[in-house]
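Structure first, then comments.
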Amino acid sequence: MAFRNFKMVGYVIYGRGSFNQLAEIIAPHRKAGAPMIFLVDHFFEGKALASRVPVSDKDAQHPADKIIFVDVTYEPKTTYVDSLANQLKEEFGTVSGIIGIGGGSTLDLAKAVSLMMNNPGSSADYQGWDLVKNPGVYKVGIPTLSGTGAEVSRTTVLTGPTKKLGMNSDFTPFDQIVLDPELTANAPVNQRFYTGMDCYIHCIESLTGTFLNEFSKSYGEKALQLCRDVYVKKNGWDAESDDKLMMASYAGGMSIAYSQVGVAHAISYGLSYLLGTKHGIGNCIVFDKLEEFYPEGVKEFKYMVEKNNIEIPKNICAGLSDEDFNKMIDVSMGLKPLWENALGPDWEKQMTRERLRALYEKL
Ligand SMILES: NC(=O)c1ccc[n+]([C@@H]2O[C@H](COP(=O)([O-])OP(=O)(O)OC[C@H]3O[C@@H](n4cnc5c(N)ncnc54)[C@H](O)[C@@H]3O)[C@@H](O)[C@H]2O)c1
Ligand SMILES: [Fe+2]
């Protein structure tokens, strides 16, 4: 098909306190004999938000709902997705829905576990484009950090045995998202910045990319303006910052839905595969060194880092072996659509393994 016909999120609710409507929103999706499963970021174990999750008790028609606090110390692995899905299948057969509450890692876990409830084998079998065969169970995404765009995207990024790649498919987007900026209010300053910069970098990569069209541009420009409001114009953090960054993340995600990310993401995926560097911070480490590709964006990025008093790690590739560099280069070079968006159809002539190695050595 010449034009991509992309599947979007089913329902969106936005606003401070909208989380309080969750019980009502999910009620029509309850199926006889099948509970709702809440995958909640482990940060919230014992916190006030966990006690606000609308778990319903056992009744004549349904077993009790269940909260599983998910460990996102490491970004989601296919083995973790498989074990969560298998555990649920063993315990309940099927479930009414999967509701993810947390940062991008938790949202990705929720999407992937939902898909694996209805697809055979391992999630590693579906890492790639349009490999998922059946729709998953009803799935809801509720972000507690803003920036990744995972709430709107058609992918769920997983580290598998041989690659770090998403389950990219029309079955992947959430059926419902709940955007409640109150949930991001107390995120740690550094983490909030790294995840927020994921959005900023999505905008720069999309807006300067060769895949750009007016659809992507409209969302990308809006998201970029919101990021600038928060990180360039404002002094200090307040409720309005949370409101704006949540909408920036949404619009940034919409922008890349119809374009692609670029050089920073292509390089940071390699880092993450080899060293386990997390997405937000990894993107920052890489973007900081990409003046030759994004001169204006990198200049503004450095300003935001300084203004917001953020620490960007340095020399993380010092001491790596040739084999290590080659692994990162393999992962990165495999991300063809990203490179093509960034550099055009003849990207392979421009981005040689030697040039990429030199870039990794700078990090
Ligand atoms: N599917 C997509 O389209 C897509 C896009 C970009 C990134 N991602 C994925 O998203 C992940 C990164 O997500 P992220 O940057 O949101 O971080 P994250 O989900 O990895 O969480 C980072 C840390 O913040 C904590 N945390 C979450 N919410 C918090 C809150 N409100 N207060 C305090 N701590 C909180 C978590 O427990 C964790 O320790 C990566 O796994 C990446 O691959 C997915
Ligand atoms: Fe990203």
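The values are calculated or read from the model by the stated rules, or taken from the named source; none is laboratory data. The structure presented is a predicted model; accordingly, all values stated were derived computationally and were not measured. For neighbour counting, all protein chains shown are included, and Cβ atoms are generated from backbone atoms with ideal geometry for every residue, glycine included. What goes into the accessible areas is simple: the full protein's heavy atoms, side chains included, and nothing from ligands, DNA or RNA. Shrake-Rupley method; radii C 1.70, N 1.55, O 1.52, S 1.80 Å.
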Margin query: Given the criterion closer than 20 Å to Asn118 by Cβ and of a type outside the set (Val, Ile, Thr), identify the matching residue among Pro181, Pro143, Pro173, Pro188.
Written below: Pro173
Check: Which ones in the stretch 46-68 are under 25 Å from the mean Cα position of the chain (by Cα) and surrounded by 12 or more Cβ atoms within 10 Å (Cβ to Cβ)?
Finding: Lys47, Leu49, Ala50, Arg52, Val53, Pro54, Lys66, Ile67, Ile68
Next item on the list: Within the stretch 158-165, identify whether any single residue is within 16 Å of ligand 2 (Cβ to nearest atom), among the basic types (Lys, Arg) and under 26 Å from Ile25 (Cβ atoms), and answer yes or no.
Entry: no
Check: Out of all the residues in the stretch 154-207, which are in contact with a Phe, Trp or Tyr (Cβ under 6 Å, 6 or more places away or on another chain) and either closer than 21 Å to Met304 by Cβ or among the polar types (S, T, N, Q) (or both)?
Finding: Asn168, Gln176, Ile201, Ile204
Next item on the list: Would you kindly identify the strands (runs of 3 or more DSSP E) lying entirely within the stretch 83-202 that contain at least 1 residues that are more than 10 Å from ligand 1 (Cβ to nearest atom), basic (Lys, Arg) and open to solvent by less than 10 Å² (accessible area, probe 1.4 Å)?
Entry: 138-143
Next item on the list: Would you please list the contacts, defined by Cβ atoms under 6 Å and residues six or more apart or on different chains, that run from a residue in the stretch 120-135 that is farther than 11 Å from Gly160 by Cα to a residue that is open to solvent by 30 Å² or more (accessible area, probe 1.4 Å)?
Entry: Val132/Phe171; Asn134/Asn118; Pro135/Phe171
Notebook entry, point to check: What tally of residues in the stretch 7-30 results from selecting those that are under 27 Å from Tyr258 (Cβ atoms), modelled with pLDDT of 95 or more and open to solvent by 80 Å² or more (accessible area, probe 1.4 Å)?
Noted result: 2
Item checked: Pick from the stretch 22-48, criterion free of Cβ contacts under 8 Å to residues at least 24 places away in the same chain and in a helix (DSSP H, G or I), ranking: nearest to ligand 2 (Cβ to nearest atom) -> Ala48
Note to self: For the stretch 208-223, which positions are part of a helix (DSSP H, G or I) and either touching an Asp or Glu at 6+ places or on another chain (Cβ under 7 Å) or among the polar types (S, T, N, Q) (or both)?
What the structure shows: Ser216, Ser218
Margin query: Among (1) among the hydroxyl-bearing types (Ser, Thr, Tyr); (2) open to solvent by 50 Å² or more (accessible area, probe 1.4 Å); (3) away from ligand 2 (no atom under 16 Å from the Cβ), there is one condition Thr208 misses while meeting the rest; what is its number?
Written below: (3)
Note to self: Can you find a residue that is in contact with a Gly (Cβ under 9 Å, 6 or more places away or on another chain) and either among the β-branched types (Val, Ile, Thr) or within 25 Å of Gly196 (Cβ to Cβ) (or both) anywhere in the stretch 351-359?
What the structure shows: no
Next item on the list: For the stretch 280-310, enumerate the residues that are open to solvent by 30 Å² or more (accessible area, probe 1.4 Å) and either within 12 Å of ligand 1 (Cβ to nearest atom) or within 15 Å of the chain's Cα centre (by Cα) (or both).
Entry: Ile281
Check: Residues of the stretch 224-279 being aromatic (Phe, Trp, Tyr), open to solvent by 10 Å² or more (accessible area, probe 1.4 Å) and in a helix (DSSP H, G or I), which ones?
Finding: Tyr250, Tyr269, Tyr273
Checklist line | Failed criterion for Ser169 (all others in (1) small (Gly, Ala, Ser); (2) modelled with pLDDT of 95 or more; (3) more than 14 Å from Lys7 (Cα to Cα) hold) | finding: (3)
